[in-house]
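The values are calculated or read from the model by the stated rules, or taken from the named source; none is laboratory data. Please read these numbers as outputs of a predicted model, since none were measured by experiment. Positions of Cβ are backbone-derived with ideal geometry, glycine not excepted, and every protein chain shown enters the neighbour counts.
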Amino acid sequence: MGLVTGLLTLPLAPVRGTMWIAEQLRAEAEREFDDPEQLRRQLENVQVAHELGEIDLAEYEQIEEQILARLIALEEQPGQIPEEVA
């Protein structure tokens, strides 16, 4: 980047910084969303919530179905889950 270009785009620096942060947050959220251990923890938390009466059976089954569907989808993707985790 040349000196003139750098000076002309300097007012956009905060926007570029904000965009970079947003991209990093999105990437981290996607990593968490695709983490089998995180999904298993969510499944355990939902089960405990149901056992404590915090959620009813219908809500528990709906959430459980969503989490299990995501786990199955991840396991069907070759090379995505290490064997010791699956």
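So is G6 within 27 Å of the chain's Cα centre (by Cα), in a helix (DSSP H, G or I) and free of Cβ contacts under 8 Å to residues at least 12 places away in the same chain or not?
It is false that G6 is within 27 Å of the chain's Cα centre (by Cα), in a helix (DSSP H, G or I) and free of Cβ contacts under 8 Å to residues at least 12 places away in the same chain.
What tally of residues in segment 21-40 results from selecting those that are surrounded by 11 or more Cβ atoms within 10 Å (Cβ to Cβ), modelled with pLDDT of 85 or more and either within 10 Å of the chain's Cα centre (by Cα) or more than 20 Å from E75 (Cα to Cα) (or both)?
Qualifying residue count for the region: 2.
Just to be sure before I move on: is L43 under 14 Å from the mean Cα position of the chain (by Cα) and surrounded by 10 or more Cβ atoms within 10 Å (Cβ to Cβ) in the structure I sent?
In short, no.
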